[in-house]
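**Student:** Below are the structure tokens for one structure; questions will follow.
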Amino acid sequence: MTKKKHSGFWFHFGRTMAALGILLLLLILFVYLSVPTYSFKEPRPFSGEYLYNPYQDMNPDQWKKYHFHCHSRKYFGLTNGRKSTEAAIDSVYQVLGYDHYGISDYMGINKHNADKEDYIPAYEHGYGLIRKTHQICIGAESVYWPDFPFMQNLSMKQHMINKLGERSRFVMPAHASFTKGYKVSDMKWLSNYRLIEVVNPYGNAIEHWDVALSNGHRIYALGDDDTHNITNVHEVCRNLTMVNTPDLKAENVYDALEKGLCYAVEFDNYYYHPLTLEQKAKEAHALDHLTQAQLVGDTLFIQTSAETMRQVQFIGQDGKLLKTEENVATAQYVIQPEDTYVRTRIDLNGRNFLYLNPVTRHPTSIVVDRRLDSVNYSQTILYWVVYAVAFVAFVWYLIKKRKERKTDADAS
């Protein structure tokens, strides 16, 4: 009798789990099939007589150290934030001298330090494990729960950027090159976002950035640690973002990010220069910063607080190296008529690298960003009709087979 009870329990448990699995698969299928189909206009490079320089009016005394991508312990440690308590995150990044260290848990807005003026609600969106097409939502009002956890086509990626943008101030593709969640070719077409995580320990996205810029998308660079274990010194102070803002108020930070008054810093690669936390803190406090990135006519002048910069590279359309200067206090580049954009990479000392946002061409001083995406309603409706017909046909087939089996059973 006990054996029968046990077998009955496991039978019902198995049926329940199978039913839940089927429901989950149907839900995922519905999310995939319900996404509209997008059409994309042909992109074109920046053009025009006006040169927009995001740093033209910066105050060199207002740079702040920021970090937007860090995970705390959530979901019983399943998201690999096992030792990263909020208190531990506070202690480490305060030692390192960061002005802001945002926690961006998976699918959840962490309210830690929500009472402080520098609080910026953020989270990392995405369930995908194989192809991590994830986004950091900065200034998030709420979590958007749907996602495409497996493969994603271009329409799905654009749709997700659009939906997340309705609920967040900024939607930033995260670790774009990691597991190829975002293909380099995707960046030619995707629009309606302002920031990209250019430097990340799991893989930099320099090529992604250049493809976006080369196709006329005004995208600005951020750098993050993507910290999962705050007790591992090798995971902290790898990358950071410098933001030019008079204070730590969220709206002023948003304004700076929107204008491009920020730049990404590749601070240290522990594979080559393993440092203790104390050593990192000392060097982070002494990190040289940008003091000039000014356009005088068509000449771009670059200077930092360092006495000399080891190397300065000026990079343009399609990631082409335009000019290199070495061991200089001030670097300069005369922007040519054919230059659609010019961005600067500064090697301070062989270990610290600054990725400045680009000077871009526009028809007028009023900079207007071009959207490439639009919903193709006729194609979307056609696909949905096909899906509906296929679903009805499938259900009809199942009902028919069930009736046939019942008839055969009655006959026997």
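**Student:** Select from the stretch 106-142 the residues that are small (Gly, Ala, Ser) and under 18 Å from PHE170 (Cα atoms) and list them in ascending order.
**Tutor:** GLY108, ALA122, GLY126, GLY139, ALA140, SER142
**Student:** Only one residue in GLU235, GLU283, GLU266 is closer than 22 Å to ASP347 by Cα, touching a His at 6+ places or on another chain (Cβ under 8 Å), in contact (Cβ under 8 Å) with a residue 12 or more places away in the chain and charged (D, E, K, R). Which one? Break it down stepwise before answering.
**Tutor:** Values: GLU283 fails: touching a His at 6+ places or on another chain (Cβ under 8 Å); GLU266 fails: touching a His at 6+ places or on another chain (Cβ under 8 Å).
That would be GLU235, the only listed residue that is closer than 22 Å to ASP347 by Cα, touching a His at 6+ places or on another chain (Cβ under 8 Å), in contact (Cβ under 8 Å) with a residue 12 or more places away in the chain and charged (D, E, K, R).
**Student:** Note down all Cβ pairs under 7 Å where the first residue falls in the stretch 40-57 and is closer than 21 Å to SER374 by Cα and touching a residue at least 12 places away in the same chain (Cβ under 8 Å), the second is among the small types (Gly, Ala, Ser) and in a loop (DSSP other than H, G, I, E, B), and they're at least six residues apart or on different chains.
**Tutor:** Taking only residues 6 or more apart or on different chains, the pairs are PRO43/GLY216; ARG44/GLY216; PRO45/GLY216; PHE46/GLY216.
**Student:** Determine whether ARG345 is at pLDDT 90 or above, among the basic types (Lys, Arg) and either farther than 30 Å from HIS289 by Cα or under 28 Å from the mean Cα position of the chain (by Cα) (or both).
**Tutor:** Values: at pLDDT 90 or above: yes; among the basic types (Lys, Arg): yes; either farther than 30 Å from HIS289 by Cα or under 28 Å from the mean Cα position of the chain (by Cα) (or both): yes.
Criteria met by ARG345.
**Student:** Just to verify a result, which residue in the stretch 53-81, among those that are in a loop (DSSP other than H, G, I, E, B) and among the basic types (Lys, Arg), is modelled with the highest pLDDT? Steps first, answer last, please.
**Tutor:** Taking the stretch 53-81 and keeping what is in a loop (DSSP other than H, G, I, E, B), we get 53-62, 68-69, 71-74, 78-81.
So of that shortlist, the ones also among the basic types (Lys, Arg) come out as 73-74.
Values: ARG73: 81, LYS74: 75.
Among residues in the stretch 53-81 that are in a loop (DSSP other than H, G, I, E, B) and among the basic types (Lys, Arg), the one modelled with the highest pLDDT is ARG73.
**Student:** Criterion first (over 30 Å from SER39 (Cβ atoms), β-branched (Val, Ile, Thr), loosely packed, with under 13 Cβ neighbours inside 10 Å and without any contact (Cβ under 8 Å) to a residue 24 or more places away in the chain) does VAL395 satisfy it? First the steps, then the outcome.
**Tutor:** On the way: over 30 Å from SER39 (Cβ atoms): yes; β-branched (Val, Ile, Thr): yes; loosely packed, with under 13 Cβ neighbours inside 10 Å: yes; without any contact (Cβ under 8 Å) to a residue 24 or more places away in the chain: yes.
Yes: the conditions hold for VAL395.
**Student:** Give me the residue from the stretch 354-412 that is modelled with pLDDT under 85 and hydroxyl-bearing (Ser, Thr, Tyr) and, out of that set, nearest to LYS259 (Cα to Cα).
**Tutor:** Ranking the qualifying residues of the stretch 354-412, first place goes to TYR383.
**Student:** Can you tell me which of (1) touching a strand residue (DSSP E or B) at 6+ places or on another chain (Cβ under 9 Å); (2) closer than 23 Å to ASN162 by Cα is the one PRO43 doesn't meet?
**Tutor:** For PRO43, the exception is condition (1).
**Student:** Which pairs have Cβ atoms under 8 Å, sit 6 or more apart or on different chains, and link a residue in the stretch 147-164 that is at positive phi to one that is at pLDDT 95 or above and surrounded by fewer than 18 Cβ atoms within 10 Å (Cβ to Cβ)?
**Tutor:** Between residues of the stretch 147-164 that are at positive phi and residues that are at pLDDT 95 or above and surrounded by fewer than 18 Cβ atoms within 10 Å (Cβ to Cβ), there is no close pair.
**Student:** Could you tell me which residue of the stretch 143-197 is surrounded by the fewest Cβ atoms within 10 Å (Cβ to Cβ), considering only residues that are of a type in the set (Phe, Trp, Tyr) and not in a loop (DSSP other than H, G, I, E, B)?
**Tutor:** PHE178
**Student:** Here are some residues: ASP247, ASP255, ASP268. Which one is of a type in the set (Asp, Glu) and crowded, with 18+ Cβ neighbours inside 10 Å?
**Tutor:** Answer to the selection: ASP268.
**Student:** For the stretch 83-123, name all the residues that are under 13 Å from HIS71 (Cα atoms), assigned to a loop (DSSP other than H, G, I, E, B) and among the hydrophobic types (A, V, I, L, M, F, W, C).
**Tutor:** ILE103, MET107, ILE109 - these are the residues of the stretch 83-123 that are under 13 Å from HIS71 (Cα atoms), assigned to a loop (DSSP other than H, G, I, E, B) and among the hydrophobic types (A, V, I, L, M, F, W, C).
The values are calculated or read from the model by the stated rules, or taken from the named source; none is laboratory data. From a predicted model like this one, the values you see are computed outputs, not experimental measurements. Don't worry about glycine lacking a Cβ; one is built from the backbone with ideal geometry, like all the others, and counts go over all protein chains shown.
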